[in-house]
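What follows draws every value from the coordinates through simple rules; no lab data is involved. These figures come from a predicted structure and were not determined experimentally. Ideal geometry is used to build each Cβ from the backbone, glycine not excepted, and the neighbour counts take in all protein chains shown.
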Amino acid sequence: MFFHKDNSLKNILAKAKQQRDQDLSAMAYDVLFLDYDGVVNIIYPGGYERFSKPLVANVSKLCKQFDLKIVVISSWKISPDYAAYLYEAGLDPEVKVFGKTDDIPGPREEEIKKYLQDHIYIDNFIILDDGLFDELRPYQVRTTMAEGFDDVKYEEAVQLIKRMKNNNRFSISLEKRVSV
């Protein structure tokens, strides 16, 4: 063999693995899974507010504070303008609407799990939705049709992300995602 003591196959493979892990880490990003109705669209006595500017502003603020990219989980995703609606309502142009989940049969939670399986570079995520989740509940801030993503829910999201980051629970490991 032509390997030097310092260049043993074991060391070379370890260095290659370390480089791969660094490359994957550099490509990783954090995601906000966003529903529209009950989050940025609200119903109140006597009316309906579509893409409420203050609620969209809270989404912008959260995304900018934690460098989150948006993945739309709302039924509004079937419209070709699903991202434009947010920007027209005031979503900060620096916030990227990264895409949408596939429309698959079953609960919305299954769409998110499939998205996580298909997008291995997602490092961390949080969910804003007025629906009820089971397995992904620890990652959700549950809003209501009456209030949406108001200042109270914004603070709840900030605290959830901070708590999860402190406990290293802000993401589901790749191994767990594959088994879900």
| task | Under 1.5 on a/c is rounded, so check that first for segment 40-156, then, if it is not, pick prolate when a/b is larger than b/c and oblate when it is not; a ≥ b ≥ c are the square roots of the alpha carbon gyration tensor eigenvalues. | result | rounded
| said: Within 10 Å of each candidate Cβ there may be at most 16 other Cβ atoms; applying that plus a DSSP loop requirement, which trypsin sites (Lys or Arg not before Pro) in segment 58-153 survive? | reply: Lys96
| message | Set the bar at 24 Å for Cα to Cα. Now go through Lys61/Lys114; Lys61/Lys96; Lys53/Lys165; Lys77/Lys114 and name every pair that lies beyond it. | response | Lys61/Lys114; Lys53/Lys165
| said: Can you sort Val72, Val56, Val40 from fewest to most other Cβ atoms within 10 Å of each residue's own Cβ? | reply: Val72, Val56, Val40
| task | Just name one of Ser60, His119, Tyr44: the one whose Cα is farthest towards the positive end of the charge dipole of segment 27-179 (beta-carbon charges, Lys/Arg +1, Asp/Glu -1). | result | His119
| request: Express in nm, to one decimal, how much length is gained between Ala84 and Tyr121 on full extension, taking 0.36 nm for each residue of separation and deducting their alpha carbon distance. | output: 10.8 nm
| field | Spatially proximal lysines relative to Lys10 (Cα-Cα < 29 Å; intrachain offsets below 8 disregarded) | value | Lys176
| said: To make sure I understand the rule: partners must be aspartates and glutamates, Cα under 13 Å from the Cα of Lys64, and not fewer than 8 residues away in the same chain. Which ones qualify? | reply: Asp30, Asp92, Glu94
